[in-house]
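The block underneath contains the structure these notes are about, expressed in structure tokens.
The values are calculated or read from the model by the stated rules, or taken from the named source; none is laboratory data. None of the values given here were measured: they were computed from a predicted structure. Because the Cβ atoms are built from the backbone with ideal geometry, glycine has one as well, and the counts that use them run over all protein chains shown. The protein model used for the area step is the full one, side chains on, heavy atoms only, and it has no ligands, DNA or RNA in it. Shrake-Rupley method; radii C 1.70, N 1.55, O 1.52, S 1.80 Å.
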Amino acid sequence: MPEEKSENILYGIPGSPGVSHGAAFRFLHGDVEVPHYQVGESEQVSEIERFKDALLTTREQIAEIRKAVSKNLGEKEAGIFDAHLLVLEDKALISDIEKDIKQTGDNIEQCVYRVTNRYHDYFNQLEDEYLRERASDLKDISKRLLGNLVGETASGTAFLGEPRILVSEDLSPSDTASLDRSKILGIATDTGGRTSHAVIMARASGVPAVVGLRGLTEKLTEGDSILIDGFEGLAIINPTNTTLFRYGKVGLRRKKINDLLKNEALLPAQTKDGVTLNFLANADSPDEVRSGIENGCKGVGLFRTESIFLKKNQIPSEDQQFEDYREIVSAASGKPTTIRTLDLGGDKILDSIGREKEENPFMGFRAIRYCLRNPSIFLDQLRAILRVSSFGKVKIMFPMISGVGEIVRAKEFLFTAKRQLTEKNITFDKDIEVGCMIETPSAVTICDMLADEVDFFSVGTNDLVQYLLAVDRINNQISYLYEPHHPAVIRALMHIFEVSKQKEVGVTLCGEIAGDPHFLPLLIGLGLDTFSATGTLLPELKFFGRRFTSEDARTLKDRILKMRKPSEIKVYLKNFYDDRVSELMN
Ligand code: PEP
Ligand code: MG
């Protein structure tokens with residue numbers, strides 16, 4: 001009888017709610033280690049055979065991925081993979097690799113690596129944008145080809161048969177963007193924090209996730225099954241039948257709660273004493289906008305445009321962006337849509353633009369800093385956003401502003417983009433509202449000055465918490481210090497809300513705490529009434545909002561402002577929530 005594998009429980013950080021169980025799939029990404037050794041002349045033929053087999057496997061994988069992308073994202077996005085297939089059929093490249101093995105006597109992996117790098121470097125320095133893009137295709141292809149040669153599964157999941165639980169050391173936003181969601185039951189990673197972008201994306205697509213499960217990938221062996229609990233933040237390798245039974249019951253209870261919440265989702269959003277609350281949706285795709293609308297949002301509070309860049313793994317043209325944004329605006333069905341300009345950098349890296357690696361990427365060449373130094377990319381984007389403003393109510397928002405100079409320069413670019421469109425008689429909303437994210441400590445401190453430059457603020461607590469507390473949001477060594485409940489954060493929020501009231505600029509909060517019901521009464525007590533969160537979280541926020549008065553919220557805020565410890569604040573908010581929604585718990 002085969003020996004039963006023993007259960008092993010690991011504790012991490014809840015990433016995205018939900019429980020799922022299935023076979024584990026080790027997701028490998030990043031660079032493959034390339035072996036280097038000499039092969040004798042007689043072995044060269046078999047090395048070339050290995051290369052041909054790997055070419056074939058790679059083509060099959062890409063064709064599968066293309067099919068899945070076409071199904072999930074559309075034919076246009078799938079077109080990217082045609083270029084990949086062409087590279088794999090490029091006679092000059094293939095013959096150069098074969099020549100290289102004959103000349104150097106090196107193993108085939110080394111030859112593939114060397115020759116594709118040479119081609120990459122050549123394309124990368126060309127003026128022609130189209131040809132430069134081929135450099136990034138080459139990089140992707142060579143990674144996949146090398147992965148197949150050394151027997152590793154290269155990134156991508158479209159070729160998986162059964163849906164599985166994806167297990168990885170870490171996961172980048174571009175990895176997440178490339179996943180076929182229908183093949184993913186859940187995500188479990190060794191590293192990462194609650195506000196890493198891969199986790200935000202998992203949450204938005206309703207895929208359960210647990211992160212910060214240190215040592216998970218080392219403990220996993222071939223054929224293991226894994227259960228992940230995205231509510232509690234734990235993973236159970238090879239769960240016993242008793243555990244599975246217990247979790248079956250959790251699933252049933254959760255379904256009961258979801259049914260109850262669904263019934264209330266379309267009721268007006270307000271507190272028990274009738275104060276209006278505005279719930280907007282955060283979105284990375286048209287589907288997420290539609291999910292927000294189905295869950296009763298009043299508009300899109302944050303559309304992260306970089307999601308489009310990451311999915312395509314390239315910088316799209318103005319026209320391509322225009323089509324994508326128009327889809328977003330049309331999915332919003334006439335409701336206002338706030339489009340945020342490009343926020344690349346930090347953990348959102350676009351391989352294809354070949355930027356230098358940074359020591360501190362979150363403090364580095366990110367978001368507005370990148371756009372201000374890349375005028376043509378910035379202007380393409382601004383024109384595309386302006387053009388969609390004649391198809392619905394659109395607002396524009398600039399990320400990671402840290403000083404008045406940046407917002408002034410960003411607005412100058414916007415002015416230029418408007419002028420360029422006017423010269424071509426292209427219509428747009430001339431009075432488009434302009435806002436900025438408040439997500440750096442300096443922006444908090446000078447928000448009265450920024451208020452003179454914009455129509456609205458959107459508070460990005462995901463970044464604000466990391467910068468204010470000096471705690472990298474994706475470093476799980478210090479994730480215990482990433483505390484949105486910290487009094488410094490609460491005081492900063494109080495300051496922003498007070499200033500926006502005095503200066504009469506609108507204010508929204510679009511960081512992840514906007515979707516965390518525990519924070520709702522505190523934020524209302526501090527004076528906020530507009531929240532932007534993942535669509536699927538809105539029903540619970542509305543449900544809870546109707547169960548306390550604005551007076552309750554102010555009393556709670558006064559109590560919290562006297563507290564010194566984040567843990568005390570956290571417990572207080574949780575108890576308040578549990579008390580008011582006890583009907584959900586029974
Ligand atoms: C934030 O920082 O809170 C935010 C909403 O932006 P992002 O998560 O995309 O950095
Ligand atoms: Mg941010």
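Go through the residues of region 191-202 one by one and say whether even a single one is modelled with pLDDT of 80 or more, more than 16 Å from ligand 1 (Cβ to nearest atom) and not in a strand (DSSP E or B).
yes
Let me confirm something: among T427, T422, which residue is within 30 Å of R387 (Cβ to Cβ), in a helix (DSSP H, G or I) and at pLDDT 95 or above?
Exactly one of T427, T422 is within 30 Å of R387 (Cβ to Cβ), in a helix (DSSP H, G or I) and at pLDDT 95 or above, namely T422.
If you take the residues of region 380-419 that are among the polar types (S, T, N, Q) and in a loop (DSSP other than H, G, I, E, B), which of them is nearest to the chain's Cα centre (by Cα)? Working first, answer last.
Taking region 380-419 first, the residues among the polar types (S, T, N, Q) are 381, 389-390, 402, 416.
Cutting the leftovers down to in a loop (DSSP other than H, G, I, E, B) gives us 389-390, 402.
Numbers: S389: 25, S390: 28, S402: 22 Å.
Looking at the filtered set, the residue picked out is S402.
Report the residue count in region 336-363 for those that are within 15 Å of ligand 1 (Cβ to nearest atom), touching a helix residue (DSSP H, G or I) at 6+ places or on another chain (Cβ under 9 Å) and open to solvent by less than 40 Å² (accessible area, probe 1.4 Å).
Qualifying residue count, region 336-363: 12.
If I go through region 397-429 residue by residue, how many of them are within 16 Å of ligand 2 (Cβ to nearest atom) and aliphatic (A, V, I, L, M)?
5
What's the number of the only condition in (1) more than 20 Å from K139 (Cβ to Cβ); (2) more than 16 Å from ligand 2 (Cβ to nearest atom); (3) open to solvent by less than 50 Å² (accessible area, probe 1.4 Å) that P375 fails to meet?
Condition not satisfied by P375: (3).
Just checking, how many residues over region 102-134 are among the aliphatic types (A, V, I, L, M) and within 20 Å of R59 (Cβ to Cβ)?
Counting residues in region 102-134 that are among the aliphatic types (A, V, I, L, M) and within 20 Å of R59 (Cβ to Cβ) gives 3.
Of I257, I237, which residue is more than 26 Å from the chain's Cα centre (by Cα), under 30 Å from G301 (Cα atoms) and open to solvent by less than 20 Å² (accessible area, probe 1.4 Å)?
From the options I257, I237, the qualifying one is I257.
Can you tell me how many residues in region 458-496 are under 21 Å from the mean Cα position of the chain (by Cα), within 15 Å of ligand 1 (Cβ to nearest atom) and not in a loop (DSSP other than H, G, I, E, B)?
9
Hey, could you check region 454-470 for residues that are among the hydrophobic types (A, V, I, L, M, F, W, C) and in contact (Cβ under 8 Å) with a residue 12 or more places away in the chain and say which is nearest to ligand 2 (Cβ to nearest atom)?
L464
In region 286-304, which residues are crowded, with 23+ Cβ neighbours inside 10 Å and touching a Leu at 6+ places or on another chain (Cβ under 8 Å)?
Initially, region 286-304 is screened for residues crowded, with 23+ Cβ neighbours inside 10 Å, giving 288-289, 292, 295, 297, 299-304.
Those that are crowded, with 23+ Cβ neighbours inside 10 Å and touching a Leu at 6+ places or on another chain (Cβ under 8 Å): G292, N295, C297, G299, V300, G301, L302.
From the list A384, A367, exactly one residue is within 16 Å of ligand 2 (Cβ to nearest atom) and in contact with a Ser or Thr (Cβ under 9 Å, 6 or more places away or on another chain). Which is it?
Within the list A384, A367, the selection yields A367.
One residue is enough: does region 508-525 have a residue meeting the conditions surrounded by fewer than 22 Cβ atoms within 10 Å (Cβ to Cβ), within 15 Å of ligand 1 (Cβ to nearest atom) and assigned to a loop (DSSP other than H, G, I, E, B)?
yes
Going through region 430-453 one residue at a time, which ones are within 16 Å of ligand 2 (Cβ to nearest atom) and either outside the structural domain of T341 (by TED's automatic domain parsing) or in a loop (DSSP other than H, G, I, E, B) (or both)?
E439, T440
Restrict the check to region 312-335 and report whether at least one residue is within 16 Å of ligand 2 (Cβ to nearest atom), at pLDDT 90 or above, in a loop (DSSP other than H, G, I, E, B) and crowded, with 20+ Cβ neighbours inside 10 Å.
no
Which residue pairs have Cβ atoms under 8 Å apart, sit 6 or more places apart or on different chains, and have a first residue in region 499-522 that is within 16 Å of ligand 2 (Cβ to nearest atom) and a second that is of a type in the set (D, E) and open to solvent by less than 20 Å² (accessible area, probe 1.4 Å)?
Taking only residues 6 or more apart or on different chains, the pairs are G511/E439; G511/D463.
Scanning for something open to solvent by 50 Å² or more (accessible area, probe 1.4 Å) and of a type in the set (G, A, S), does region 466-483 turn up at least one residue?
Yes, the conditions are met somewhere in region 466-483.
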